[in-house]
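**Student:** Sending over a structure as structure tokens; questions will come in a sec.
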Amino acid sequence: MLHACALVRESTARVADRPGCKVTIDDAAIARVVSRMSNDVVASLLGPRRFDADGVHFNDPHDPELTARYILCVDAINFCFWPDHEAIRDAKAQRDKWAKYPVTAQYLVKQDGFDNDGEFKVPVRTEHEEGPNALLFQGMEYEHVAGGLRKALVADRRALDAERLTRVDGPKLREMLGWPRPLPLEDERARLLREVGRGLIDHFGGSAARLITAANGRADVLVDLVVRIFGGFRDVAIDPRDGSQVFLYKRAQIFVGDLWGRFNGRGLGRFDESIKELTMFADYRVPVVLRNMGILRYEPNLARKVDQHNFSTADIVAAGSAEEVDVRACTVQAVERMRRALEERIEKEPELNPTIPGEVDEKFVTSVALDWFLWTEGERQRDDAGAGKHHRTLTVFY
């Protein structure tokens, strides 16, 4: 039986090779991009990167159990932030029609976020102020989830105990994150944390470390365990064209990748060469970067929906639609082809992967590291004029 990661590779390759696929992968562009990678970029792709250069994440070197449980909780609710940004925009534009907009917009309008002239009020605050005023007009991002749970643990190291997780509801999660309004898909996020707590209690005595060690140091086996025990990580689409399953497992794989990065490939993050079994993590940001690089091309109708949307529901790429399946599957396969192209370049240019005296850890290219590189590029470019828009899909998977 194929492991979960192998199922991702096999099923996404089938989609990418399908006649009539709405996304095309340009192999010449892949070759061009890989050939132009600097030595420093290549070096950064040969092992776990520095996981937390921005200080967002919780880490206690003396408590790997708590650090691992934190990562599992973050990745359980790491999805779908864009509705919060659009709700704020809707509130600004439609002050008197809040009932038709998502809960975030309702909150902003009900809390009188406007002055008498209908202009959005921005509270006076210092640059480094934190709390509801500082967050009121920010759209939610991953950093708010990761940083919010970190602050919750700093305040109370038992905040993410498995038993407590089983009792989390929407308002409690909001309180833990220090978020001033209902979260996008708030009830689902709370339910997924309850699921994590219950799964850890039922199978591993409440311990994330026991979950990880049950995989015996194999990254692909750990992905199998996660998707088997926690239903909310079972990121699988049904291709509407033929009814076949397309496996993506974005958040299950990113959990294992995050462990590898957080623990620098050691301890609970030691997976040796099995880390190569993981694919990239199919989300919103990486397809934008691959399109900017010329690696992905969308067919005209899909391109118009993504690039020229006016924030109407007609421009949402529906979860499980052929368009969404093709975007995510081709993103996975494009990064797989990039990985193979980079391996071929390193084989021809061995100086890119030198042997350092005294260094025992073998270095190799992973799709995980390529994902981190591309995602970081996307974050860096996201505010640039002409950087491109991402597709909008309402989902709990990414």
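The values are calculated or read from the model by the stated rules, or taken from the named source; none is laboratory data. Please read all numbers here as calculations on a predicted model, not as lab measurements. Methodologically, a virtual Cβ is constructed for each residue, glycine included, from the backbone with ideal geometry; neighbour enumeration extends over all protein chains shown. For the accessible areas, the whole protein counts, side chains as well, though only heavy atoms, and no ligand, DNA or RNA atoms are used. Shrake-Rupley method; radii C 1.70, N 1.55, O 1.52, S 1.80 Å.
**Student:** Does at least one position in region 223-234 carry a residue that is open to solvent by 10 Å² or more (accessible area, probe 1.4 Å) and closer than 30 Å to Gly20 by Cα? Lay out the reasoning, then the answer.
**Tutor:** The initial filter retains those residues of region 223-234 that are open to solvent by 10 Å² or more (accessible area, probe 1.4 Å), namely 224-225, 227-229, 231, 234.
From what is left, the residues that are closer than 30 Å to Gly20 by Cα are 234.
Yes, that holds for at least one residue.
**Student:** Consider region 212-222. How many of its residues are in contact (Cβ under 8 Å) with a residue 24 or more places away in the chain and either open to solvent by less than 20 Å² (accessible area, probe 1.4 Å) or closer than 16 Å to Gln253 by Cβ (or both)?
**Tutor:** 6
**Student:** Still on this structure: It is to be established whether one or more residues within region 61-68 are farther than 21 Å from Ile346 by Cβ, in contact (Cβ under 8 Å) with a residue 24 or more places away in the chain and within 20 Å of the chain's Cα centre (by Cα).
**Tutor:** Looking through region 61-68, at least one residue is farther than 21 Å from Ile346 by Cβ, in contact (Cβ under 8 Å) with a residue 24 or more places away in the chain and within 20 Å of the chain's Cα centre (by Cα).
**Student:** Looking only at region 58-78, how many residues end up being closer than 19 Å to Lys250 by Cα and either open to solvent by 20 Å² or more (accessible area, probe 1.4 Å) or at pLDDT below 95 (or both)? Write out each step before concluding.
**Tutor:** The initial filter retains those residues of region 58-78 that are closer than 19 Å to Lys250 by Cα, namely 68-78.
Then drop every residue that is not either open to solvent by 20 Å² or more (accessible area, probe 1.4 Å) or at pLDDT below 95 (or both), which leaves 69.
Matching residues across region 58-78 total 1.
**Student:** Are any residues in region 170-209 among the small types (Gly, Ala, Ser) and either over 15 Å from Val396 (Cα atoms) or surrounded by fewer than 18 Cβ atoms within 10 Å (Cβ to Cβ) (or both), and if so, which ones? So that I can check it myself, show each step before the final result.
**Tutor:** Of region 170-209, the ones among the small types (Gly, Ala, Ser) are 170, 178, 190, 197, 199, 205-209.
Passing the criteria: Gly170, Gly178, Gly197, Gly199, Gly205, Gly206, Ser207, Ala208, Ala209.
**Student:** Now for a different question. Scanning for something touching a Gly at 6+ places or on another chain (Cβ under 7 Å), farther than 22 Å from Asn78 by Cβ, modelled with pLDDT under 90 and open to solvent by 30 Å² or more (accessible area, probe 1.4 Å), does region 343-361 turn up at least one residue? Please lay out each step first, then the result.
**Tutor:** Going residue by residue through region 343-361, those that are touching a Gly at 6+ places or on another chain (Cβ under 7 Å) are 361.
Filter once more, so that each one left must be farther than 22 Å from Asn78 by Cβ: 361.
Of the ones still in play, those that are also modelled with pLDDT under 90 are 361.
Filter once more, keeping what is open to solvent by 30 Å² or more (accessible area, probe 1.4 Å): 361.
Yes - at least one qualifying residue is present in region 343-361.
**Student:** A follow-up question, please. Among (1) open to solvent by 40 Å² or more (accessible area, probe 1.4 Å); (2) modelled with pLDDT of 90 or more, there is one condition Gln138 misses while meeting the rest; what is its number?
**Tutor:** For Gln138, the failing item is (2).
**Student:** I'd like to know if region 279-296 contains one or more residues that are small (Gly, Ala, Ser) and over 15 Å from Lys250 (Cα atoms).
**Tutor:** From region 279-296, those small (Gly, Ala, Ser) are 282, 294; that's our starting set.
Retained after the next criterion (residues that are over 15 Å from Lys250 (Cα atoms)): 294.
The answer is yes, given that some residue of region 279-296 is small (Gly, Ala, Ser) and over 15 Å from Lys250 (Cα atoms).
**Student:** Regarding Ile275, is this residue aliphatic (A, V, I, L, M) and closer than 18 Å to Ile71 by Cβ?
**Tutor:** Numbers: aliphatic (A, V, I, L, M): yes; closer than 18 Å to Ile71 by Cβ: yes.
Yes: the conditions hold for Ile275.
Table: residues versus (1) closer than 24 Å to Leu200 by Cβ; (2) open to solvent by 20 Å² or more (accessible area, probe 1.4 Å); (3) modelled with pLDDT under 95.
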| site | (1), (2), (3) |
| --- | --- |
| Pro240 | no, yes, no |
| Arg251 | yes, no, no |
| Gly267 | yes, yes, no |
| Tyr284 | no, yes, yes |
| Val288 | no, no, no |
| Ile316 | no, yes, yes |
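**Student:** Right, next: Residue by residue through region 141-166, note down the ones that are at pLDDT 95 or above and in a loop (DSSP other than H, G, I, E, B).
**Tutor:** Across region 141-166, the qualifying residues are Asp156, Arg157, Arg158, Ala159, Leu160, Asp161, Thr166.
**Student:** Among the residues of region 167-187 satisfying the criterion of being outside any helix (DSSP H, G or I) and touching a residue at least 40 places away in the same chain (Cβ under 8 Å), which is nearest to Leu225 (Cα to Cα)?
**Tutor:** Leu185
**Student:** Could you check region 32-57 and list, in sequence order, the residues that are over 27 Å from Asp272 (Cα atoms) and either within 23 Å of the chain's Cα centre (by Cα) or buried (at least 16 other Cβ atoms within 10 Å of the Cβ) (or both)?
**Tutor:** Val33 - this is the single residue of region 32-57 that is over 27 Å from Asp272 (Cα atoms) and either within 23 Å of the chain's Cα centre (by Cα) or buried (at least 16 other Cβ atoms within 10 Å of the Cβ) (or both).
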